[in-house]
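What follows is a short report on a single structure.
The values are calculated or read from the model by the stated rules, or taken from the named source; none is laboratory data. If you're wondering where the values come from, they're calculated on a predicted model, not measured in any experiment. Here the Cβ positions follow ideal geometry from the backbone for every residue, glycine too, while neighbour counts run over all protein chains shown. For accessibility, only protein heavy atoms count, side chains too; no ligands or nucleic acids. Shrake-Rupley method; radii C 1.70, N 1.55, O 1.52, S 1.80 Å.
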Amino acid sequence: MNLKTAAARIKRYRNLYLLFLPVLVWYIMFRYVPMYGIIIAFKNYNVFTGIGDSPWVGLLYFKQFFESVFFWRLLRNTFLISLYGLCFGFPAPIILALLFNELKDGMFKRTTQTISYLPHFISTVIIVSMFVEFLSPSRGLINNFLAALGRERIYFLGDPKYFRTIYTVMNIWRSIGWGTIIYLAALTGINPELYEAAIIDGCSRMRQTIHVTLPGIANTIVIMLIFRIGDLLSVGSESIILMYNPAIYETSDVISTYVYRRGLVEAQYSFGAAVGLFDAVIGLALIGIANTLAKRYSETSLW
């Protein structure tokens with residue numbers, strides 16, 4: 001595309017480009033400009049001397065992280081929590097979207113969809129507080145139910161073996177409804193004539209779902225899966241920080257919480273930046289691998 005053609009295209013679609021302009025400015029200001037700060041991962045950064053005057057240390061902090069006694073624990077916990085979310089959290093909105101698709105348009109469908117969206121708009125602090133109350137050993141709903149059955153009360157948030165399950169369930173509950181939106185949009189693009197042909201062939205509702213509905217949204221599923229795999233080592237630290245304590249670090253301490261403790265709490269900015277950069281590079285590599293596999297075994301990919 002030459003300069004003249006590009007100018008003519010911009011003029012023709014100028015209203016759309018104007019709508020896109022705020023998004024572009026936001027990404028430049030808050031995503032690309034801050035990338036300059038990555039270099040503190042290779043420097044002994046001092047807030048008083050600034051980034052430019054801080055001495056270079058090369059890969060020192062990366063080496064310290066790899067040799068740390070916490071490295072494998074952090075990597076294992078991050079991977080396992082993300083794997084739980086991938087195995088159980090990723091299919092959840094797809095299944096719910098398929099169930100919504102089977103409902104006839106009406107008050108019940110609109111009400112259930114609205115209710116499923118609500119947790120997405122609740123603050124992380126409130127959601128964690130709700131789960132802490134539900135799981136409280138003294139007055140929690142779950143423990144009251146166990147006590148009514150004659151079972152012993154359990155301190156869920158003080159036992160490492162329960163943390164991954166609790167975190168996964170909480171995130172599924174919060175995101176399952178909001179996640180259905182993109183799949184419901186994809187479902188509207190399926191040609192109704194395909195369902196009519198399937199009915200003529202004698203397909204049941206289940207077989208229609210398997211042979212018409214799922215192939216119709218397969219491209220969307222693949223794209224979303226690639227994004228999810230890219231975030232495999234990016235576990236959100238906000239909810240974990242609000243939930244965990246030293247007694248359950250064994251299963252709850254992940255890379256993002258470690259960066260928070262070392263980088264912000266202990267003011268080791270360069271070390272925290274190095275660990276965060278390592279996490280980002282692994283995420284980029286995972287996206288590339290997932291995209292390559294998707295391109296090889298399907299017709300859908302990001303690039």
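Observations on the structure shown:
- Selected residue (criterion: nearest to Ile126 (Cα to Cα)) from residues of segment 164-201 that are open to solvent by 80 Å² or more (accessible area, probe 1.4 Å) and among the aromatic types (Phe, Trp, Tyr): Trp173
- Just so you know, in segment 100-129 the residues that are aliphatic (A, V, I, L, M) and surrounded by 14 or more Cβ atoms within 10 Å (Cβ to Cβ) include one that is nearest to Gly179 (Cα to Cα), and it is Ile127.
- Neighbours by Cβ (under 6 Å, 6+ apart or cross-chain): first from segment 161-177, over 15 Å from Val235 (Cβ atoms); second open to solvent by less than 40 Å² (accessible area, probe 1.4 Å) and among the small types (Gly, Ala, Ser): Ile176/Ala92; Gly177/Ser116
- A Cβ distance below 8 Å, combined with a sequence gap of six or more or placement on separate chains, defines the contacts here; from segment 274-295, residues that are in contact (Cβ under 8 Å) with a residue 40 or more places away in the chain and surrounded by 15 or more Cβ atoms within 10 Å (Cβ to Cβ) reach residues that are among the charged types (D, E, K, R) and part of a helix (DSSP H, G or I) in the pairs Val275/Arg262.
- Within segment 135-162, the set of residues being in a helix (DSSP H, G or I) and hydroxyl-bearing (Ser, Thr, Tyr) comprises Tyr162 only.
- Criterion violated by Leu264 - all others in (1) over 30 Å from Thr49 (Cα atoms); (2) open to solvent by 60 Å² or more (accessible area, probe 1.4 Å); (3) without any contact (Cβ under 8 Å) to a residue 24 or more places away in the chain; (4) among the aliphatic types (A, V, I, L, M) satisfied: (1)
- Within the set Ser204, Ser234, the sole residue that is open to solvent by 50 Å² or more (accessible area, probe 1.4 Å), at pLDDT below 90 and under 22 Å from Ile248 (Cβ atoms) turns out to be Ser234.
- Residues of segment 125-159 satisfying the condition of being touching a Pro at 6+ places or on another chain (Cβ under 8 Å) and aromatic (Phe, Trp, Tyr): Tyr155, Phe156
- Matching residues in segment 65-99 - criterion: being open to solvent by 80 Å² or more (accessible area, probe 1.4 Å), of a type outside the set (Phe, Trp, Tyr) and farther than 18 Å from Gly179 by Cβ: Glu67, Val69, Arg76
- Residue pairs meeting the criteria (Cβ under 6 Å; at least 6 apart or on separate chains; first within 27 Å of Gly236 (Cα to Cα) and at pLDDT below 90, in segment 125-153; second aromatic (Phe, Trp, Tyr) and open to solvent by less than 40 Å² (accessible area, probe 1.4 Å)): Leu135/Phe156
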